Amino acid sequence: MGHDRLFIKRDDMTGLGQGGNKTRSLEFLLGDALSKGANAVITAGGLQSNLCSLTAAACARYGLRCILVHNDDPPQMREGNMLLNAILGAEERFVGRTDEAARTAAMEDVAVSLRSRGERPYIIYNGASTPLGAMGYVSGAFELHRQCADEGIPLKHVGMVGAMGGTAGGFVFGTAVLGHPFHVHVISVEYPKEVLLRLMKELFAGLADLTGVSPVMPPEEVMTIYDEYLGAGYAVPTELSRRTLLDLARTEGILIENVYTSKTLGGFGDLIRRGMVPAGEAACYVHTGGLGSLFAQNAML
Ligand SMILES: Cc1ncc(COP(=O)(O)O)c(C=O)c1O
């Protein structure tokens with residue numbers, strides 16, 4: 001990519017299921033569920049939701065019942081994350097192609113019916129992009145900072161995905177608490193940058209309330225958001241993202257996917273080419289996983 005000190009933080013290898021960023025959110029959310037005595041967890045997403053399959057894996061590890069609400073119709077064939085969900089023993093409800101509000105209402109209906117049978121359900125809202133879910137990447141920022149200190153790497157730039165904003169929101173908040181040791185380049189893969197900024201600012205406020213910590217500087221100052229790599233929109237690959245996916249696989253043997261990670265790495269690589277991430281300054285791309293979904297993306301290549 002034209003950079004000699006480019007590192008990858010392998011959060012695709014977080015050690016649960018197929019790996020990925022949501023493992024860090026689930027550490028906090030399932031901790032909350034367990035501390036409240038829950039015996040079942042409900043979450044929602046599309047058929048290929050990485051959060052859904054990681055929630056299924058985390059529930060399996062803790063002996064919790066897992067119910068996944070999919071805002072789609074049952075698929076003709078089980079592939080990608082849908083296959084993993086079945087292997088992991090999750091239960092599924094299909095509510096057709098509804099919007100997020102209807103999907104949330106469907107989760108609440110499931111919770112009401114479980115409670116009426118004496119169960120203790122816990123709902124994971126908003127794709128885990130809540131202040132508590134975002135805590136996963138507050139600690140992710142601290143972890144990366146410590147790893148760089150241990151290895152003597154003077155890290156200056158981090159390339160990070162931004163969809164609903166929980167991952168980047170937590171990481172940027174953590175970076176601001178640390179006093180801006182590196183700059184965070186957030187590549188938007190879902191919304192225009194004004195929308196992502198608004199979502200992230202809501203999370204910053206929620207994280208300050210939750211932790212009682214005010215960062216030494218406004219979190220907005222330690223990041224830059226880019227939406228020029230979004231192309232035609234969420235989950236629509238661009239020429240750059242397709243090429244990045246194939247190049248990384250064929251030069252490093254590392255797999256990324258078409259919705260989140262190839263757009264992010266493609267964008268970060270372009271920032272390097274344009275000199276906005278200078279080749280002489282150590283940089284790190286955070287690989288957020290999503291391997292399960294890649295096995296249902298034949299049509300996107
Ligand atoms: C693999 C992967 N990367 C990145 C993201 C984006 O995370 P966020 O919604 O916290 O911005 C997701 C969201 O589901 C994901 O599955």
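Only the coordinates and a few stated rules stand behind these numbers; no lab work does. Nothing here was measured: the structure is a model prediction, and the numbers come from that model. Virtual Cβ from ideal backbone geometry, glycine too; neighbours counted across all protein chains shown.
Which of the trypsin sites (Lys or Arg not before Pro) across region 234-279 are loop residues per DSSP, with 16 or fewer other Cβ within 10 Å? Answer in residue order: Arg274. Using a Gaussian network model of the chain with C-alpha springs under 10 Å, which one of Phe94, Phe268, Phe171 is most mobile by mean-square fluctuation? The residue with the greatest mean-square fluctuation here is Phe94. Between Val213 and Ala101, the FRET efficiency from the beta-carbon distance, with R0 = 25 Å, is close to 0.20. For Lys263, the lysines whose Cα comes closer than 20 Å to its Cα, not counting residues fewer than 8 places off in the same chain, are Lys9, Lys22, Lys193.
Stretched out fully, how many nm does the piece from Arg5 to Glu108 gain, at 0.36 nm a residue minus the Cα gap? Fully extending the segment from Arg5 to Glu108 adds 32.3 nm.
Once the chain from Arg61 to Leu246 is taken as fully extended at 0.36 nm per residue, the excess over their C-alpha distance is 63.3 nm. For region 1-92, trypsin sites (Lys or Arg not before Pro) meeting the loop criterion (DSSP other than H, G, I, E, B) and having at most 11 other Cβ atoms within 10 Å: Lys36. Under 13 Å from a label point set 7 Å out along the Cα-to-Cβ vector of Thr224, the amide N atoms of region 174-205 belong to 183-187. Taking a label point 7 Å from the Cα of Met13 along the Cα→Cβ vector, which residues of region 239-262 have an amide N closer than 13 Å to it? It comes to 253-255, nothing else.
Each label point was placed 7 Å from the Cα along the Cα-to-Cβ direction; for Gln76 and Arg198 their separation is 3.8 nm. Taking each pair of different alpha-carbon atoms in region 170-296 once, compute 1/r for the pair, average those values, and report the inverse of that mean as the Kirkwood hydrodynamic radius in Å to one decimal. That comes to 15.7 Å for region 170-296. Dividing the convex hull volume of the alpha carbon atoms of the chain by its residue count gives 131 Å³ per residue. The residue among Gly179, Thr167, Pro192 whose Cα reaches farthest toward the positive pole of the charge dipole of region 150-211, with charges on the beta-carbon of Lys, Arg, Asp and Glu, is Pro192.
Taking amide hydrogens as placed 1.01 Å from N in the peptide plane, the amide H of Ile123 sits under 5 Å from those of Ile42, each at least 5 positions away in sequence or on another chain.
The string of couplings for region 249-259 from the Karplus curve (6.51, -1.76, 1.60, θ = phi - 60°) is 4, 8, 10, 10, x, 10, 9, 10, 10, 8, 8 Hz, one whole number per residue in order, with x for Gly and Pro. Tell me whether region 16-122 comes out rounded, prolate or oblate; compute the Cα gyration tensor, take square roots of the eigenvalues as a ≥ b ≥ c, and use a/c under 1.5 as the rounded threshold. Note, shape of region 16-122 comes out oblate. With R₀ fixed at 45 Å, the C-beta to C-beta distance from Arg146 to Arg93 puts the FRET efficiency at about 0.65.
Against the chain, whose longest principal axis comes from its Cα atoms, helix 261-273 is set at around 10 degrees. When Rg and Dmax are taken over the Cα atoms of region 1-50, they come to 15.5, 51 Å.
Between the helical axis of 22-35 and the dominant principal axis of the chain, each derived from Cα atoms, what acute angle in degrees is found, rounded to the nearest 10? On a 0 to 90 degree scale, this one is about 40. The amide H of Glu257, built 1.01 Å from its N in the peptide plane, has Ser262 as neighbours under 5 Å, considering only residues 5 or more places off or on other chains. With a Förster radius of 45 Å applied to the beta-carbon distance between Ser139 and Val236, the computed FRET efficiency rounds to 0.90.
One decimal place: the segment His180-Arg120 gains 17.5 nm when fully extended, by the rule 0.36 nm per residue minus the C-alpha distance.
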